[in-house]
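Note sheet for the following structure.
Rule-based calculations on the coordinates, nothing more; no lab input. Computed from a prediction, not measured in an experiment: that's the story for all the values here. Cβ placement follows ideal geometry from the backbone for every residue including glycine, while neighbour counts extend to all protein chains displayed.
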């Protein structure tokens, strides 16, 4: 296991180094502060009482999670009362199995999807493809990375890492001609291409932005209009949500809609906010024949009882990514998981295992920009510290050299005479060698790991003890 | 309950039990009602927000002038295939009720639908499918024109939710501007999957 742990750690460093050296990517990430990041800041400034509004949204999440089982049961009853079906899934594999079975039982083969982080989390596309079901992502960004075989690099902008030139290169083989490097033309091509997919699909799969317990409605937010096409044309609608997506009352939605679009893209409201309640009812002109809601746990109920429960407040807006100095340097892919950025550094270890992703809680300078940008004020830095503590407790001796060094340090500190002698020795030798440069760039073998990514402070040429003795004698 | 799938059999029980076993201290939900922001001129505010998100706004003063004003709009003049479900307006040359398969709507240039009410705060219009045979028409049409009655404008989302009667209709949505995407290089492109333009007309 230790080797594997080292591996992901190395992969992270390798991916980060590659990202920092990639000039194209650096240009894209450099723009983030001026685009999404700036819009986020301006949106909070332009919203009167924004602090109180975010506080309110947060307190609704907090109260809902405190009584989550009741709200889920209410949601289930409401959905069933409106003619929908509800399923629970312990983990991603179970959720994929339920969804694949729903599609296959009906003899269907073509699925269109709208962007859903939860479906990314459970690797639904791979499961559907393995079951022989054609699956097409319909959000432009998701469609581009699906064709390219990439992972999403940003929670709201999955293709953020690609330039228009990259997109043209990726989509040209699909078009069978060379597409111009022009955003409008590329979007128009994707629009045409996807319209034919919508028309042919039998099943539409979406995520859920909010599920309203009292009405049994799900709320879908999009700018492109693909979420609605996904649920308007196919005859069956399957929605998948984490247990934390439920909100108790219809009116609670007002608060979340106020903060979600502002945090995500700086909009007052996204272009389309659809509220869907069950399948087509008697007397309605249109709507899918069936509505299925899959409710996913995947480790969330475990988090509910821990100090990390605030991570369940997350409404997946991506604001913390845009604000994060680390994300803005290394990009989304370095994080190695579906969720990236500060919230990814919390969620990926929680959902996929802390041991495998032990480096992520350390991939932060704890500057707090994420918390300031968060629409529900999640205390991300505190949670990262919490995870670091947990790591330390769970893997006490993961480096033998480090624990030896600490033991030696403790032995010296316990013996004042030894401390005095060794500090004298250090200033006399190392301190004098490094008289002109206060930092040691590279420690010798055995200790070299420490200086691989940071410098080590050199001992001063003069001990404080000696400095004090000399100076206190000169002053009265 | 409703599920018949093997993977699900025990999951419901075990998930709800796991959640209950956390025994979190109860916390009270904040009160429902909120005043929200108010505007002296609701339509002026609506127009400002709508144009900032790329939509167009038009107000017609007298009832008799509505049809003539609409007929002169470039988006109406240039559209060949039109559907219209607003009573008393006869701009449609495609009867949605006569189309069985929504896939046949691909050639729809302009859809003229009634909006239930407008929201000043964020430039949104609430639309239900009451008069719309195919929900997809809202998204498939190249251009969308929503007609809202002048008294039907609320200040903010809190008032909007109070107006929404749920339990009757299964589907409704807020529309705020034309369809758009910023997925390529974080730059805005108007006209993603849905309509390339949105015009809101307030009528007496």
For the Cα atoms of chain A, what angle does the longest principal axis make with the long axis of helix A:36-46, in degrees from 0 to 90, nearest 10? 80 degrees
Just subtract the alpha-carbon distance of residue B:64 and residue B:88 from 0.36 nm times their residue separation and send over the number in nm, one decimal. 7.6 nm
How much of the DSSP beta bridge set in the stretch A:47-298 is antiparallel, as a percent to the nearest 5? 25 percent
If the chain between residue B:39 and residue B:150 were fully stretched, how many nm would it gain, using 0.36 nm times the residue separation less the Cα-Cα distance? 38.4 nm
May I ask you to sort A:277, A:230 by Cβ crowding, counting other Cβ atoms within 10 Å and putting the fewest first? A:277, A:230
Normalised by the residues of chain A, what does the relative contact order come to in percent, with Cα pairs under 8 Å and at least six apart? 19 percent
Per residue and in cubic angstrom, what volume does the convex hull of the Cα atoms of the stretch A:338-476 have? 194 Å³
Count the DSSP beta bridges whose two residues both fall in the stretch B:39-203, then state the antiparallel fraction as a percent rounded to the nearest 5. 30 percent
So residue A:429 and residue A:123, fully extended at 0.36 nm per residue minus their Cα-Cα distance, gain in nm 104.4 nm
Tilt, helix B:42-52 to longest principal axis of chain B (alpha-carbon atoms), in degrees rounded to tens, equals 90 degrees
Would you kindly calculate the translational diffusion coefficient of the stretch A:132-238, applying Stokes-Einstein with the Kirkwood radius from alpha carbon pairs, for 20 °C and a viscosity of 1.002 mPa s, and quote it in µm² s⁻¹ without decimals? 143 µm²/s
Radius ratio Rg over Rh of the stretch A:415-474, counting only Cα atoms, Kirkwood formula for Rh: 1.07
With the 8 Å Cα cutoff and a minimum separation of six or more residues, the stretch B:39-203 has a relative contact order in percent of 29 percent
For B:183, A:289, A:67, order by how many other beta-carbon atoms lie within 10 Å, fewest first: A:289, A:67, B:183
In Å, the Kirkwood hydrodynamic radius of the stretch B:109-168 over pairs of distinct alpha carbons? 12.4 Å
Would you list A:320, A:367, B:84 from fewest to most Cβ contacts within 10 Å? A:367, B:84, A:320
DSSP bridge pairs, the protein assembly as shown: antiparallel proportion in percent, nearest 5: 35 percent
What translational diffusion coefficient, to the nearest whole µm²/s, does chain B have by Stokes-Einstein, given a Kirkwood radius computed over alpha-carbon pairs, a temperature of 37 °C and 0.692 mPa s viscosity? 168 µm²/s
To the nearest 10 degrees, how steeply does helix B:11-21 sit against the main Cα axis of chain B, on a 0 to 90 scale? 70 degrees
Over the stretch A:47-298, what number does the Rg to Rh ratio reach, with both radii from the alpha-carbon atoms and Rh per Kirkwood? 0.97
Alpha carbon Rg of chain A, scaled by the compact-globule rule 2.2 N^0.38 Å: 1.16
If each part is reduced to its alpha-carbon centroid, the stretch B:64-124 and the stretch A:8-29 end up apart, in Å, by 50 Å
